[in-house]
Amino acid sequence: MAAKKPRLAVWKFASCDGCQLSLLDCEDELLAVAGAVDIAYFPEATRGEISGKYDVSLVEGSVTTAHDAERILDVRARSRVVITIGACATAGGIQALKNFADVKEFTAAVYAHPEYIHTLATSTAISAHIKVDFELRGCPINKMQLVEVVSAFVAGRKPVTPAHSVCIECKLKNNVCVMVAHAKPCLGPVTHAGCGALCPSYDRGCYGCFGPMETPNTVSLSRQMAHLGMSRADLKRVYSTFNVNAEEFRKERERHG
Amino acid sequence: MASKTIKLDYLARVEGEGAFKVVVRDGAVKHAELRIFEPPRFFEAFLRGRSYMEVPDITARICGICPIAYMMGSIHALEKVLGIKIDGQLRELRRLIYCGEWIESHVLHVFMLHAPDFLGYDSVIQMAKDHGDLVKKALEFKKVGNDIMTTIGGREIHPINVRVGGFYRVPTKRELQPLAEKLKGVRDFAIEAIRLVAKFDFPDSERDYEFVALRHPSEYPLNEGRLVSNKGMDIPIEDYDATFEETHVEHSTALHSHIRGRGPYFTGPLARYSLNFDKLTPTAQQVAREVGLGKTCNNPFKSIVVRLVESLYAVEEALRIIAAYEPPEKPFVEGTVRAGSGCHATEAPRGICYHRYTIDDAGLVTFARIIAPTSQNQPTIEKDLTSFVGNWLDLPDKELQYRCEQAIRNYDPCISCSCHFLKLDVDRG
């Protein structure tokens, strides 16, 4: 009899579905992954229901409702390993912009009957609620990194994902620096690697969708971008996107009013 | 047993979180509701105060399956404010990347989410055990769509190379060439897939819908056209707000849409096809006829076939664009930043996606409204349940529930979009 395959579950919280879609977008690897693990719960792809314990849980999305704050505790209790995938799950996502606003006003701006809407005042990362074993960044995640992380946990080894900045990825690709050579503001120096320096490869500055790298020097970068003509309001906005609630970006945002 | 409630608390194989409930009393369906409990994310609220240049990168995040739709809608609406008109190769490149999204999204839905219903599997992974070759070919087909997105947009989910005015960088002729080879490689399967899926067993469920889609004088609609219907509507996109209304119901975090004074309508592949058959490529028309589809189709269960006809169209349209491609001199057109309002609708894979924005003289958004195809289809989905379930009441509860689930999946509902999620509840009393 074959050895028992590890049971994998995919959970969704507030999100766009893009990160879990990355799994279905692994066209060349999907059937191999499905062969190596038992995909036991993945409602976007299968009708199978929640039952028992899971070896690896991939969690997409942020916590924005009281119900979801309860549900994530159940996910933790059922899972040996919890891996959060994407900017929503690791930082709160673009919807964390409501953390800095009046959520009642936000609700009234979108819905005719705000009383029908049950939402928390904040959008928070999964790690704010439970212990997380590994965080994979990106908005969206890089699918090859996802395959690496799932393979590593199934094999019981540490995933190999770089911790350096997007700048290193540009150097590896021989990209000309868009900020130095073309005076384009770029978050590459403070942003976690993983995308393969996509934006600079397409002649635009990085907009930080993989979130802050470890110990980023955001103060210095903001000074340089101000030299390039960005106003305080521009600088505040540039840190206020998909990873606005990641600590380093949030602090730098707050420095600009 | 004349009365019961059929419910499902978490719909599978849809994009997002939803549920449904059907209440049956004395052998008749009394009430059907599609509950969307996807947590609200408030895009329209936090777009206020953002620069017009940031908008497409933010709206893309409404949906990981159809980001191009949300980028194209906002871009075209904002370009109207800035006085930008895109034509020539830039316009063609936008059609090309949209073809990529249609292929990726349609093939995902047809084979990964929808076909398992017809073939009796819980998932595509189970299906692959018996139909390995089919699933492999489908994955290859889907991949070509993603390759188009990646080549032009930088990546398949949330592309980074699409902007107000055009692109940050345009591809060279040479960069597009491998796509042409791959498209030619899947074209035969695109035809074979239509023939295969058309043989599925479809329930005889037709209704007299009001189909609404874009229509363009010379092409199958993607980014441009007038809003038309099979019941006499023919209006410019600018008349959208005067023609349609949105209401907020308690059981859904997605707003419902109606035609003012008329009621629910149907948007998406079935509507597009039925209103634009004459604009499909000759091969797509011929294969559709051959499998008995007709020029219009009122059976939502056959939407799976129509999605594949549209996918074949997208393959051929993409090939046409690549063959004639010459890189434009400039990757984008600059506009004039000024205060004003603009609206636009494009044909997302799931149907009309409407955007309206107001910006101030610094180019900052002061108002945003986005209406997703799934929220437009919600009242029609509920009406389908009300009218179809009556014929299925003899089925055991489990099967009835499954059938209702399928009736909802016909619409490829993207709940993440519409709310920016779904559960079944059949109450037989």
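The values are calculated or read from the model by the stated rules, or taken from the named source; none is laboratory data. Keep in mind it's a predicted model, so treat the numbers as computed, not measured. With ideal geometry, Cβ positions are generated from the backbone for all residues, glycine too; neighbour counts draw on all protein chains shown. We work out accessible area using only protein heavy atoms, side chains counted, and drop any ligands, DNA or RNA first. Shrake-Rupley method; radii C 1.70, N 1.55, O 1.52, S 1.80 Å.
Answer yes or no: is there a residue in region A:148-171 that is crowded, with 20+ Cβ neighbours inside 10 Å, over 22 Å from residue A:20 (Cβ atoms), of a type in the set (Val, Ile, Thr) and touching a Pro at 6+ places or on another chain (Cβ under 7 Å). Within region A:148-171, none of the residues are crowded, with 20+ Cβ neighbours inside 10 Å, over 22 Å from residue A:20 (Cβ atoms), of a type in the set (Val, Ile, Thr) and touching a Pro at 6+ places or on another chain (Cβ under 7 Å).
In region B:203-221, of all residues being open to solvent by 40 Å² or more (accessible area, probe 1.4 Å) and within 21 Å of residue B:289 (Cβ to Cβ), the one that is modelled with the highest pLDDT corresponds to B:215. Scan region B:363-386 and tell me whether some residue there is over 27 Å from the mean Cα position of the chain (by Cα), away from chain A (no Cβ under 12 Å) and at pLDDT 85 or above. Checked region B:363-386: no residue is over 27 Å from the mean Cα position of the chain (by Cα), away from chain A (no Cβ under 12 Å) and at pLDDT 85 or above.
The set of residues in region A:136-147 being open to solvent by 40 Å² or more (accessible area, probe 1.4 Å) and at pLDDT below 95 consists of A:143, A:144. Of the candidates A:24, A:31, the single residue that is open to solvent by 20 Å² or more (accessible area, probe 1.4 Å), in contact with a helix residue (DSSP H, G or I) (Cβ under 7 Å, 6 or more places away or on another chain) and within 25 Å of residue B:134 (Cα to Cα) is A:31.
Residues that are within 12 Å of another protein chain (Cβ to nearest Cβ) and small (Gly, Ala, Ser) within region B:13-53 comprise B:16, B:18, B:19, B:45, B:49, B:51, listed in sequence order.
Scan A:88, A:26 and give me the residue that is within 11 Å of another protein chain (Cβ to nearest Cβ) and under 17 Å from the mean Cα position of the chain (by Cα).
Numbers: A:26 fails: under 17 Å from the mean Cα position of the chain (by Cα).
Only one candidate qualifies: A:88.
The single condition among (1) within 13 Å of chain B (Cβ to nearest Cβ); (2) under 16 Å from the mean Cα position of the chain (by Cα); (3) small (Gly, Ala, Ser) that residue A:211 does not meet is (1). Condition first: β-branched (Val, Ile, Thr), under 21 Å from residue B:107 (Cβ atoms) and part of a helix (DSSP H, G or I). Can you find one or more residues in region B:271-293 that meet it? Yes, because at least one residue in region B:271-293 is β-branched (Val, Ile, Thr), under 21 Å from residue B:107 (Cβ atoms) and part of a helix (DSSP H, G or I). Does residue B:224 qualify as being acidic (Asp, Glu) and open to solvent by 10 Å² or more (accessible area, probe 1.4 Å)? Considered against the rule, which asks whether it is acidic (Asp, Glu) and open to solvent by 10 Å² or more (accessible area, probe 1.4 Å), residue B:224 comes out as yes.
Condition test on residue B:166, is it touching a strand residue (DSSP E or B) at 6+ places or on another chain (Cβ under 7 Å), open to solvent by less than 10 Å² (accessible area, probe 1.4 Å), within 14 Å of chain A (Cβ to nearest Cβ) and of a type in the set (Gly, Ala, Ser)? First the steps, then the outcome.
Numbers: touching a strand residue (DSSP E or B) at 6+ places or on another chain (Cβ under 7 Å): yes; open to solvent by less than 10 Å² (accessible area, probe 1.4 Å): yes; within 14 Å of chain A (Cβ to nearest Cβ): yes; of a type in the set (Gly, Ala, Ser): yes.
Yes: the conditions hold for residue B:166.
Among the residues of region B:313-322, is there at least one that is more than 28 Å from residue B:74 (Cβ to Cβ), part of a helix (DSSP H, G or I) and open to solvent by 40 Å² or more (accessible area, probe 1.4 Å)? No. On the basis of being of a type in the set (Lys, Arg) and modelled with pLDDT of 95 or more, does residue B:143 make the cut? So residue B:143 fits the description; yes.
Within region A:50-63, take every residue that is β-branched (Val, Ile, Thr) and more than 15 Å from the chain's Cα centre (by Cα) and give me the one that is surrounded by the fewest Cβ atoms within 10 Å (Cβ to Cβ). Show your work before the answer.
In the first step, residues of region A:50-63 are kept if they are β-branched (Val, Ile, Thr); the result is A:50, A:56, A:59, A:63.
Okay, now just the ones that are also more than 15 Å from the chain's Cα centre (by Cα), so A:50, A:56.
Numbers: A:50: 14, A:56: 22.
Here the answer is A:50.
Can you pull out the residues in region A:86-117 that are in contact with an Asp or Glu (Cβ under 8 Å, 6 or more places away or on another chain), within 25 Å of residue A:72 (Cα to Cα) and either modelled with pLDDT under 95 or not in a loop (DSSP other than H, G, I, E, B) (or both)? Passing the criteria: A:88, A:89, A:90, A:116. Checking each residue of region B:61-84 against the condition of being crowded, with 20+ Cβ neighbours inside 10 Å, within 10 Å of another protein chain (Cβ to nearest Cβ), over 30 Å from residue B:147 (Cβ atoms) and of a type outside the set (S, T, N, Q) gives no match.
Please specify each residue of region A:79-129 satisfying the condition of being of a type in the set (D, E, K, R) and open to solvent by less than 60 Å² (accessible area, probe 1.4 Å). Break it down stepwise before answering.
Within region A:79-129, the subset of a type in the set (D, E, K, R) is A:80, A:98, A:102, A:104-105, A:115.
Scanning region A:79-129 gives a single hit, A:98.
Checking the structure you have, find out if any residue of region A:6-15 is farther than 22 Å from residue B:61 by Cβ, touching a helix residue (DSSP H, G or I) at 6+ places or on another chain (Cβ under 7 Å) and not charged (D, E, K, R). Yes, region A:6-15 contains at least one residue that is farther than 22 Å from residue B:61 by Cβ, touching a helix residue (DSSP H, G or I) at 6+ places or on another chain (Cβ under 7 Å) and not charged (D, E, K, R). Condition first: within 14 Å of the chain's Cα centre (by Cα) and either of a type in the set (Gly, Ala, Ser) or farther than 26 Å from residue A:73 by Cβ (or both). Now tell me which residues in region A:141-153 satisfy that. Within region A:141-153, A:142, A:143, A:145 qualify. Among the conditions (1) open to solvent by 30 Å² or more (accessible area, probe 1.4 Å); (2) farther than 28 Å from residue A:196 by Cα; (3) more than 8 Å from chain B (Cβ to nearest Cβ), residue A:132 misses just one, which is (2).
Restricting attention to region A:86-107, the residues that are in contact with a Lys or Arg (Cβ under 9 Å, 6 or more places away or on another chain), aliphatic (A, V, I, L, M) and either within 14 Å of residue A:141 (Cα to Cα) or outside the structural domain of residue A:23 (by TED's automatic domain parsing) (or both) add up to 2.
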